[in-house]
C-alpha cells in the first residue's frame, strides 16, 4: 500500500478500519495507549582506528577524538495490545530532556499527540525524535506497514550509504579506501579543515580505489572565500563533492560553486535556509538531517528543484540509522550515499547486525522499523 504525503494522520489509520473512517480512527487512536517507557544511556565505542589518524598533526579536530565518549539513549515504549517500539537519541543530550518526555508520554494515546509539530507536542524537542522513532515503530506494527510508508510512501526499496572516516594521513587513507572497496561501497566521505591540502590524499585514494566518488566535509572551517578557492581549484579533476566549505553565508557558497566548478553541499540549519539556498544558487546538494516532517518536505522540494541530497548523521547506532534509512526511502531525491554509519561502531545494538550490501541498505520487510534490539548488547554497553 502506498500512502501519499498529503494524507492526514487520521487517514493513515483508516485502512485498518471500516467506514466511517474518521470517527473510528479517532476511537482507535484513543485506545492505543503508551503504557510503559524505559530508557538506557549507552556508550558504544567506534571500531579501532576508524575515526582518525592519531599522528595526523596540529589541525586534528578534537571533536573526532571526543565524540565516541558521549552517551546516547535507547528508548523502549510498551503500548497497549502487546505492541512495542524502540528509539534512539542523538549524542550529548541531557538526561532531563529524556525524563521530561518519558513522563509526559506515559499513559497518553496516539490521539494525544500533535503530529503537526516536529516534537509531536512533547515538552522537550531536544530528544523528542528518539520517542518519535519508537512511536512510528509502534504505528507501523499496528498497521502492518514499514515506517517509510507512514512518512510519505516508500519511494526507494534500498538506500545508498557511504563509507566514512575523519581526518587521515595519506598512508592511512589507503587502508580506508581498501576497506571501502572491500565493503562494496561507491562513495567515501572524509574530513578536512583549514590549513590542510586534500590533494595528496585524493591522488592516493583515486589510484588505490578508482571506482569511488568522494565527499570532503570542511565543517565551514574557512572564513575566506578566496583562500578556499585557491586551495580547492586543483581538486576539480577528482570525482568530488565539497561539503560546507566556508562559513554559512549563502552568497559565499554560491561564489565557491561558481569559482571552483566543484559540486557544493550545504547542511541547511533550517527549512528556510534551504529555500534561501535554492534561490541564491548556493548548493548542488543538501546534507539533510532535519526531523521527519521537515526532512521529507525538503526532500520533495529538492526533487522539484533538481537538487539531490543525502541523510546526515552524528555517527549513530542501529535504531537511529534504520530510522534515517526509512526517511531517505520516503523521498525520491535522497540518492547521494547517506551517512548511515553504525557498522563502524563495535556494536549497533541490533539483534541482526546492520551491514550495508554493495553500498546499499534494503528497507526491511517487517512492519515498523523492521529491526529489534539486542538486549544483551544494550546491557553490555550501558553507560
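Structure notes:
- First in the stretch 195-224 and in contact (Cβ under 8 Å) with a residue 60 or more places away in the chain and not assigned by TED's automatic domain parsing to the domain that holds residue 338, second anywhere and in a helix (DSSP H, G or I) and surrounded by 16 or more Cβ atoms within 10 Å (Cβ to Cβ), Cβ under 9 Å, 6 or more apart: none
- Pairing residues of the stretch 39-55 that are in contact (Cβ under 8 Å) with a residue 24 or more places away in the chain with residues that are in a loop (DSSP other than H, G, I, E, B) and surrounded by fewer than 13 Cβ atoms within 10 Å (Cβ to Cβ), at Cβ distances under 9 Å and at least 6 apart in sequence or on separate chains, gives 40/383; 41/383; 42/383; 43/383.
- Test: residue in the stretch 332-347 that is within 23 Å of residue 83 (Cβ to Cβ), modelled with pLDDT of 95 or more and crowded, with 24+ Cβ neighbours inside 10 Å: no
- Any chance residue 286 is in contact with a strand residue (DSSP E or B) (Cβ under 7 Å, 6 or more places away or on another chain) and either under 26 Å from residue 135 (Cα atoms) or surrounded by 23 or more Cβ atoms within 10 Å (Cβ to Cβ) (or both): yes
- Residue count, the stretch 333-360 (criterion: in contact with a strand residue (DSSP E or B) (Cβ under 8 Å, 6 or more places away or on another chain), part of a loop (DSSP other than H, G, I, E, B), touching a residue at least 40 places away in the same chain (Cβ under 8 Å) and within 25 Å of residue 239 (Cα to Cα)): 9
- The stretch 56-69 - residue that is touching a residue at least 12 places away in the same chain (Cβ under 8 Å) and under 22 Å from residue 163 (Cα atoms) and, of those, surrounded by the fewest Cβ atoms within 10 Å (Cβ to Cβ): 69
- Selection status of residue 363, in contact with a strand residue (DSSP E or B) (Cβ under 7 Å, 6 or more places away or on another chain) and closer than 23 Å to residue 243 by Cα: no
- Residue list for the stretch 246-265, restricted to those being outside any helix (DSSP H, G or I), under 21 Å from residue 187 (Cβ atoms) and touching a strand residue (DSSP E or B) at 6+ places or on another chain (Cβ under 6 Å): 262, 263, 264, 265
- Residue check for residue 266: modelled with pLDDT of 95 or more, farther than 25 Å from residue 304 by Cβ and either surrounded by 18 or more Cβ atoms within 10 Å (Cβ to Cβ) or in the same structural domain as residue 290 (by TED's automatic domain parsing) (or both): no
- Annotation: of all residues in the stretch 77-89 being part of a strand (DSSP E or B) and within 20 Å of the chain's Cα centre (by Cα), the one that is nearest to residue 373 (Cα to Cα) is 86.
- In the stretch 232-245, the qualifying residues are those that are farther than 21 Å from residue 335 by Cα and in contact with a strand residue (DSSP E or B) (Cβ under 9 Å, 6 or more places away or on another chain), and the one that is surrounded by the fewest Cβ atoms within 10 Å (Cβ to Cβ) is 235.
- Residue 187 being surrounded by fewer than 20 Cβ atoms within 10 Å (Cβ to Cβ), in contact (Cβ under 8 Å) with a residue 24 or more places away in the chain and either in contact with a strand residue (DSSP E or B) (Cβ under 7 Å, 6 or more places away or on another chain) or at negative phi (or both): no
- Among the residues here, residue 371 does not qualify as at positive phi and part of a loop (DSSP other than H, G, I, E, B).
The values are calculated or read from the model by the stated rules, or taken from the named source; none is laboratory data. Keep in mind that what you see is a predicted model, and the values were worked out from it rather than measured. Please note: Cβ atoms are built from the backbone with ideal geometry, for glycine as well, and neighbour counts cover all protein chains shown.
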